[in-house]
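Trainee: Handing you this structure, nothing more for now.
The values are calculated or read from the model by the stated rules, or taken from the named source; none is laboratory data. This one's a predicted model, so the numbers in the text were calculated from it and none came from an experiment. We place every Cβ from the backbone using ideal geometry, glycine too, and count neighbours over all the protein chains shown.
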2 protein chains.
Amino acid sequence: MDKILRINMGDKNGPKASEGPLGDYAGLGGRGMTSAIISKEVPPLCHPLGKDNKLVIAPGLLSGSHAAQSGRASVGCKSPLTGGIKEANVGGQGAQVLARLGYAAIVLEGKPGDDTLYKVVIKKDGVEITPENSLKMMGNYDLVDKLKEEYGDKVACISIGPAGEMKMAAASIAFTNMEQRPTRHAGRGGVGAVMGAKGVKVIILDDTGMPTRSPKDPEKFKAANKAFVQGLKKHPITGEGLPAFGTNILTNVINEAGALPTHNFKTGRFDGAGNISGETQSEIMKARGGMVAHGCHKGCVIRCSGIYNDKDGNYITKRPEYETVWAHGGNCGIDDMDAIAELDRMDDDYGLDTIEMGATIGVAMEAGLAKFGDAQAAINLLKDVGKGTPLGRILGSGAAVTGKVFGVERVPVVKGQALPAYDPRSVQGMGVTYATSTMGADHTAGYAVTANILNVGGSVDPLKPEGQVELSRNLQIATAAIDATGMCLFIAFAILDQPETFNALVDMIGAFTGQDLTADDVTELGKNILSFERDFNSRAGFSAKDDRLPDFFKAEALPPHNVIFEVKDEDLDQVYNW
Amino acid sequence: MDKILRINMGDKNGPKASEGPLGDYAGLGGRGMTSAIISKEVPPLCHPLGKDNKLVIAPGLLSGSHAAQSGRASVGCKSPLTGGIKEANVGGQGAQVLARLGYAAIVLEGKPGDDTLYKVVIKKDGVEITPENSLKMMGNYDLVDKLKEEYGDKVACISIGPAGEMKMAAASIAFTNMEQRPTRHAGRGGVGAVMGAKGVKVIILDDTGMPTRSPKDPEKFKAANKAFVQGLKKHPITGEGLPAFGTNILTNVINEAGALPTHNFKTGRFDGAGNISGETQSEIMKARGGMVAHGCHKGCVIRCSGIYNDKDGNYITKRPEYETVWAHGGNCGIDDMDAIAELDRMDDDYGLDTIEMGATIGVAMEAGLAKFGDAQAAINLLKDVGKGTPLGRILGSGAAVTGKVFGVERVPVVKGQALPAYDPRSVQGMGVTYATSTMGADHTAGYAVTANILNVGGSVDPLKPEGQVELSRNLQIATAAIDATGMCLFIAFAILDQPETFNALVDMIGAFTGQDLTADDVTELGKNILSFERDFNSRAGFSAKDDRLPDFFKAEALPPHNVIFEVKDEDLDQVYNW
């Protein structure tokens, strides 16, 4: 991982690949790498779909090694959805394979002069870029099936569906999982539209002949990894809850807490929650011969993923995640697990962010385009997106644009990006993260559900403003650092609660890189990344006024607790004051 | 004009009108009044379609008097199009009648709890607000015809068409002209959507029994008005050009200057310009028994309006203005005057800003939805807007949203509002105004075409950056002041060139209000208004980064002069540094 691959899609002689050393970017990985490159190289006021934007795909610092959970990649660009910097984090096989190929980043630059669609193949021996218009408007599933025939089932694919080709602001980038299915997505912020604007349909990564990456201090690394894995297995969430029920273990928990945004953020409890909870989901999956406890990439010991089959036992989709179940479920008043699985499959196939699409359909329902609870109507709306009808184009542009187009006032977005599955009125720490994250509303940016609801890493009353700014700040710093390592964010549960697991992680990174790391170094890394991002956003025109929740969270009390979001603006302005 | 009428559309017992004294707003008129109320009373981060936004309609300081050209009203709100403060300026009869009724402003506040549509009737004896759902989705022409039957042809109507009811961000508010036709529009910034959100379809103003407003010093006023009118008649633009050819006298002038944005701002000259020039237009109008040289309100001596008939001599629309002829014409590659007149009529009937719609159709053509030059396709697209189909909803949301939804990179907007009919690369002073105006891209905010092209008020090379900031700054200050008086902006040609005409205006205002005014007072007034507006925008989250033209004006050289926009960012930041 000592080189950067740059592909200039706008070269006058056609797309051109070149490799270079890390230079200024040495020592960076994942989100640290993507945000540094975007912040330094992309003009903040450029058009997100223009030649000056760049799409950066970077494995984490530990990706491609034997470190458990190190299979996350970061995808960065100026976001077509928010207009600010974006890092979309993704699992699957891509990070590991890319890291083993030796690339600390792939950077797609420039823009083709016409609408030719390209395929990029990266192997040990070099890079091949070929026009492949036959792939146009192909769904991710068909695309990956077709490529499997040609390249075998060991390669990893990074691809866009029709949504990315249509440059929709809700378009994702799909990463294949261990079974070479396009189920893991760099979902948020419209990164797929930027890949579409670059004219790249798919990047095929083949690491044949490349070794697993070796640590500088193998013995120390092995010991630290062992302790780290033990910590993950010991913690009730990473060791029991997530393997048994996946992320959807949260539906019952968050619903119980009165924080499950229902009917476009009108109440915090959903009557149908029991029908779509993780517990119900796992039962359905087992009964139909699906798989529970499945890793999205090699080296995962948490295994929160799974396989969701239809009634006849045929594969439909991976286990729909909690955010997806909420977005297409409670948020739209839908409690039909099979309908949600179908929507999840469609999102993955078209290449769409499930959070943005669920929130958008909620806004469309608010606008009267469909009734809350009407699963078939939701499926039909999503089909429109895949087809690119005018209505589909609106919805594919996300919740903010949909609200604008239909004159809807209650639109749950920050910086143009839809809020995820925790109402900020009853999880006020999440409200602080949504409001202030450099990413727009993003639960992963500082997951205050930990101390607000799960009593992980401490305990802060979720219904009150006190302590939320500090909580969110610390989590945002820690998260930025974790996102640089290539580690799955779910390790946070264990490292927040178990000092020895945190120390094992720090030791593991130190043993791998040969540095003598401390906890303070990790904090410093997180702050640096946030500073890059914040600086970019400021130069892109963002101000404190963009660090706010929509009005209605401060005006409408949320049942059942009948609370409004109470963190003061001046306190929100202290999040980055460290 | 010593009272303000407030109508709370959200009162729990139904809409409620109340009158009050001017208070803090004493001495303000037009844009001075609207921007002061919005800046002081509207929370800058509120949703433009929510209960906290206000719609302010204010006649100018001299409206309702015998002062020539004093028939302009200002319509203010937080704009659904830009998210910033908005003043849309409009002719027709409304300002005069409203002023004679004694109101310095009507303020629509709050928001009804349901979608009932209301009619507001304002007479000498009081205000009546009644539900009138039978008017739903009625076009402005049918609406006004229907009201004429009920209220006679002396009342003035202020109304929205279907676009405003659908809360489209390109929706205008129509003011009837002297023949009670809904041809004069507060066009820009989506003010019609705010009126729609307030649930008000139409305001009927009946000034029966109310006298013309009297000046404090009648003799001095009369003399000053006489000198002022003489000045207007003497100047070649206001005395000859505008009466003979209307504002469309500019098509040949701007095309010749290489500044007529053609095919969505790709070139500065349009081959078909001769077919849609003011000269050609006037010939067509005369040949068909239309009217050339027609005032939009009583007391107009410039008379730049007119009547455009079809081939059979039947009324189609008022004389399409230059901006409209450009927007639906050259910008879309259309050189068919009848098609442009039809588009103008449709915009007026649906209640849409012709500039925004023409620019939007240009972006739609860029996206491939229709071919440049295809007039029928443009008409069909506009029909979609009137119907509110999904495609129509997109287009009715304006150029910025249309560009976002269809993934178009070349979108000519500033602060979300479409650029008008002068390419900022070949009229660089206009570029400064577009970039820095508090209103978003707006030619009327500081009409640098004067010194850049027309040699009015001096001469500044239009193709070079030098001198443009100062030019735009001075014009923006002067314009804000003029917009407060109720004076038609076209008086600027005469007062910029003829000191005695400027002095006559100052004397006239002084004689009317009883103040001892100087030119410095006028400048101070303009600066105050801009400061209100700029402060609101800053609190709404706007920063220097919003005072920029889209990238492509700095990257693509415009034929025939092959120039890019060259005014530096740091110079743009000096516009408000006075």
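Trainee: In this structure, is residue A:355 within 23 Å of the chain's Cα centre (by Cα), more than 13 Å from chain B (Cβ to nearest Cβ) and touching a residue at least 60 places away in the same chain (Cβ under 8 Å)?
Mentor: Yes, satisfied.
Trainee: Looking at (1) touching a Gly at 6+ places or on another chain (Cβ under 7 Å); (2) away from chain B (no Cβ under 14 Å); (3) at negative phi; (4) not charged (D, E, K, R), find the lone condition where residue A:373 falls short.
Mentor: Only one criterion in (1) touching a Gly at 6+ places or on another chain (Cβ under 7 Å); (2) away from chain B (no Cβ under 14 Å); (3) at negative phi; (4) not charged (D, E, K, R) is unmet by residue A:373, namely (3).
Trainee: Same structure, new question: Quick check on my filter: what residues within the range A:156-171 are within 14 Å of chain B (Cβ to nearest Cβ), outside any loop (DSSP other than H, G, I, E, B) and either over 17 Å from the mean Cα position of the chain (by Cα) or of a type in the set (Asp, Glu) (or both)?
Mentor: Within the range A:156-171, A:162, A:165 meet the criteria.
Trainee: Filter the range B:451-464 down to the residues that are in contact with a helix residue (DSSP H, G or I) (Cβ under 6 Å, 6 or more places away or on another chain) and either part of a helix (DSSP H, G or I) or surrounded by fewer than 24 Cβ atoms within 10 Å (Cβ to Cβ) (or both) and list them by number.
Mentor: Residues satisfying the conditions are B:451, B:452, B:456, B:457, B:458, B:459, B:460.
Trainee: Scan B:389, B:436, B:479, B:485 and give me the residue that is more than 30 Å from residue B:235 (Cα to Cα) and not basic (Lys, Arg).
Mentor: When all the criteria are applied, what remains is B:389.
Trainee: Examine the range B:524-538 for a residue that is among the β-branched types (Val, Ile, Thr), buried (at least 24 other Cβ atoms within 10 Å of the Cβ), touching a Ser or Thr at 6+ places or on another chain (Cβ under 8 Å) and away from chain A (no Cβ under 14 Å), and state whether such a residue exists.
Mentor: Taking every residue of the range B:524-538 in turn, at least one turns out to be among the β-branched types (Val, Ile, Thr), buried (at least 24 other Cβ atoms within 10 Å of the Cβ), touching a Ser or Thr at 6+ places or on another chain (Cβ under 8 Å) and away from chain A (no Cβ under 14 Å).
Trainee: Could I ask something else about it? Taking the residues in the range B:320-357 that are farther than 17 Å from residue B:173 by Cβ and among the β-branched types (Val, Ile, Thr) as candidates, determine which candidate is surrounded by the most Cβ atoms within 10 Å (Cβ to Cβ).
Mentor: B:325
Trainee: Here is a follow-up. Could you tell me which of the residues B:378, B:364, B:327, B:341 is within 14 Å of another protein chain (Cβ to nearest Cβ) and either among the aliphatic types (A, V, I, L, M) or in contact with a helix residue (DSSP H, G or I) (Cβ under 8 Å, 6 or more places away or on another chain) (or both)?
Mentor: Selected residue: B:364, the only one of B:378, B:364, B:327, B:341 that is within 14 Å of another protein chain (Cβ to nearest Cβ) and either among the aliphatic types (A, V, I, L, M) or in contact with a helix residue (DSSP H, G or I) (Cβ under 8 Å, 6 or more places away or on another chain) (or both).
Trainee: Oh, and also: Tell me the residue from A:490, A:502, A:406 that is of a type in the set (Phe, Trp, Tyr), in contact (Cβ under 8 Å) with a residue 12 or more places away in the chain and within 14 Å of another protein chain (Cβ to nearest Cβ), please.
Mentor: A:406
Trainee: Same structure, new question: Within the range A:192-213, which residues are within 14 Å of chain B (Cβ to nearest Cβ) and touching a strand residue (DSSP E or B) at 6+ places or on another chain (Cβ under 7 Å)?
Mentor: A:192, A:193, A:194, A:195, A:196, A:198, A:199
Trainee: Under 7 Å by Cβ, and 6 or more places apart or on different chains, what pairs join a residue from the range A:91-109 that is at positive phi and in the same structural domain as residue A:14 (by TED's automatic domain parsing) with one that is of a type in the set (Asp, Glu) and modelled with pLDDT under 95?
Mentor: Here the result reads A:102/A:2, each pair linking the range A:91-109 to a residue that is of a type in the set (Asp, Glu) and modelled with pLDDT under 95.
Trainee: Hey, another quick one. In the range A:30-77, what residues are among the charged types (D, E, K, R) and within 12 Å of chain B (Cβ to nearest Cβ)?
Mentor: Within the range A:30-77, A:51, A:52 qualify.
Trainee: A follow-up question, please. Among A:444, A:389, A:438, which is the only one that is among the β-branched types (Val, Ile, Thr) and touching a Gly at 6+ places or on another chain (Cβ under 7 Å)?
Mentor: Exactly one of A:444, A:389, A:438 is among the β-branched types (Val, Ile, Thr) and touching a Gly at 6+ places or on another chain (Cβ under 7 Å), namely A:438.
Trainee: Could you check, for the range B:183-191, whether at least one of its residues is in contact with a helix residue (DSSP H, G or I) (Cβ under 9 Å, 6 or more places away or on another chain), among the polar types (S, T, N, Q) and more than 14 Å from chain A (Cβ to nearest Cβ)?
Mentor: Looking for residues that are in contact with a helix residue (DSSP H, G or I) (Cβ under 9 Å, 6 or more places away or on another chain), among the polar types (S, T, N, Q) and more than 14 Å from chain A (Cβ to nearest Cβ), one finds at least one in the range B:183-191, hence yes.
Trainee: Further question on the same structure: Just wondering, is there one or more residues in the range A:226-234 that are within 14 Å of chain B (Cβ to nearest Cβ) and of a type outside the set (Asp, Glu)?
Mentor: Scanning the range A:226-234 turns up no residue that is within 14 Å of chain B (Cβ to nearest Cβ) and of a type outside the set (Asp, Glu).
Trainee: Which of the residues spanning the range A:465-480 are closer than 29 Å to residue A:33 by Cα, among the small types (Gly, Ala, Ser) and surrounded by fewer than 24 Cβ atoms within 10 Å (Cβ to Cβ)?
Mentor: A:478
Trainee: What residue, of B:64, B:23, B:10, B:27, is touching a residue at least 40 places away in the same chain (Cβ under 8 Å), surrounded by fewer than 23 Cβ atoms within 10 Å (Cβ to Cβ) and farther than 24 Å from residue B:476 by Cβ?
Mentor: B:10
Trainee: Does at least one position in the range B:228-249 carry a residue that is touching a Phe, Trp or Tyr at 6+ places or on another chain (Cβ under 7 Å), of a type in the set (Asp, Glu) and either surrounded by fewer than 20 Cβ atoms within 10 Å (Cβ to Cβ) or closer than 30 Å to residue B:62 by Cβ (or both)?
Mentor: No; the residues of the range B:228-249 include none that is touching a Phe, Trp or Tyr at 6+ places or on another chain (Cβ under 7 Å), of a type in the set (Asp, Glu) and either surrounded by fewer than 20 Cβ atoms within 10 Å (Cβ to Cβ) or closer than 30 Å to residue B:62 by Cβ (or both).
Trainee: Return yes or no: is residue B:501 outside any loop (DSSP other than H, G, I, E, B) and in contact with a His (Cβ under 8 Å, 6 or more places away or on another chain)?
Mentor: For residue B:501, the condition - outside any loop (DSSP other than H, G, I, E, B) and in contact with a His (Cβ under 8 Å, 6 or more places away or on another chain) - is met.
Trainee: Sticking with this structure for a sec: Given the residues A:557, A:544, which is the only one that is over 24 Å from the mean Cα position of the chain (by Cα) and more than 14 Å from every other protein chain (Cβ to nearest Cβ)?
Mentor: Result: A:557 is the single residue among A:557, A:544 that is over 24 Å from the mean Cα position of the chain (by Cα) and more than 14 Å from every other protein chain (Cβ to nearest Cβ).
Trainee: For the range A:286-300, does any single residue satisfy the condition of being in contact with a Cys (Cβ under 8 Å, 6 or more places away or on another chain), closer than 24 Å to residue A:379 by Cα and modelled with pLDDT of 95 or more?
Mentor: No, the conditions are met nowhere in the range A:286-300.
Trainee: Next question. Residue B:151: at pLDDT 95 or above, closer than 30 Å to residue B:510 by Cβ and among the aromatic types (Phe, Trp, Tyr), yes or no?
Mentor: no
Trainee: Any residue at all in the range A:41-53 that is farther than 25 Å from residue B:416 by Cβ, surrounded by 15 or more Cβ atoms within 10 Å (Cβ to Cβ) and touching a Gly at 6+ places or on another chain (Cβ under 7 Å)?
Mentor: Taking every residue of the range A:41-53 in turn, none turns out to be farther than 25 Å from residue B:416 by Cβ, surrounded by 15 or more Cβ atoms within 10 Å (Cβ to Cβ) and touching a Gly at 6+ places or on another chain (Cβ under 7 Å).
Trainee: So, one more: Test residue A:33 against the criterion of being surrounded by 23 or more Cβ atoms within 10 Å (Cβ to Cβ), in contact (Cβ under 8 Å) with a residue 40 or more places away in the chain and within 20 Å of the chain's Cα centre (by Cα), and give yes or no.
Mentor: So residue A:33 fits the description; yes.
Trainee: Further question on the same structure: Could you please let me know if residue A:438 is in contact (Cβ under 8 Å) with a residue 40 or more places away in the chain, polar (S, T, N, Q) and part of a loop (DSSP other than H, G, I, E, B)?
Mentor: yes
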